[in-house]
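First comes the structure, then the notes that go with it.
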Amino acid sequence: MEKKEFAIADLKVGQLNALVKILGGSDIVMEILRGTREVTTSVRNFIAHIFSFVVDETMSVENVVKEGKFERSNDEINCKNFPRLKNGKKFEKEIVLFKFDRDMWANDVIEEMDRVGYRPATIWELVALFIREASLAERFHIVALGSSSMIRGFRRVPFICRGGKELGLTLGDNCLLEGCLYIAVKK
């Protein structure tokens, strides 16, 4: 009797389900297998790091910024532009960092996160990450797309970056650069 080899021998069912979800669902996978849908591939480095720690969403954004002890911060990061969360809690969360190999619009990053079961993090989660893993900001801009505000007619999102010799919390626009890390939380 001839022994059959399977291409998926080392994959677990959960990994196969995740792959089907990433590809767009079982109908799309069946179209790919039938040859009625073309497959295009691209190299994606998405989940770069995973952390687990307590986030305190009960604090005002000004107090969160103070707790972060940034060397500089944008004055527009305040309660007017980033109001306190209505149902804020203090509890442990799984935080991940996504990294892509190209410039992307914020909506495209959020779509990629959603596709694999994550949501964009808030400014509270961003600062909590910085407090525990400040060294990441030495090498990367870290962006929280889950908190945004319309400021002077532009959608602005908080991010942590190095500006000269100072690490700071500032605001950026809707087009984000290659090399940024995007903080997300498991749904």
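Remark on ILE151: its backbone amide H falls under 5 Å from those of ARG156, a criterion applied only to residues 5 or more positions apart or on other chains, H modelled at 1.01 Å from N.
The phi-based Karplus calculation (6.51 cos²θ - 1.76 cosθ + 1.60; θ = phi - 60°) puts the 3J(HN,Hα) values of region 107-122 at 4, 5, 5, 4, 4, 5, 4, 4, 4, 10, x, 10, 10, x, 7, 8 Hz, whole numbers, x for Gly and Pro.
The GluC sites (Glu not before Pro) found in region 134-187 that occupy coil by DSSP, while having at most 15 further C-beta atoms within 10 Å, are GLU178. Amide H contacts under 5 Å for ILE47: LYS99, restricted to partners 5 or more places along the chain or on a different chain, H placed in the peptide plane at 1.01 Å from N.
Amide H to amide H distances under 5 Å link PHE53 with LYS93, ILE95, where only residues 5 or more positions off or on other chains count and H is placed in the peptide plane. Rounded to whole numbers, the Karplus 3J(HN,Hα) couplings from phi for region 123-134 are 4, 5, 6, 4, 5, 4, 4, 4, 4, 8, 9, 4 Hz, using 6.51 cos²θ - 1.76 cosθ + 1.60 with θ = phi - 60°, and x at Gly and Pro.
No lab work stands behind these numbers, since they all come straight from the coordinates. Keep in mind that what you see is a predicted model, and the values were worked out from it rather than measured. For neighbour counting, all protein chains shown are included, and Cβ atoms are generated from backbone atoms with ideal geometry for every residue, glycine included.
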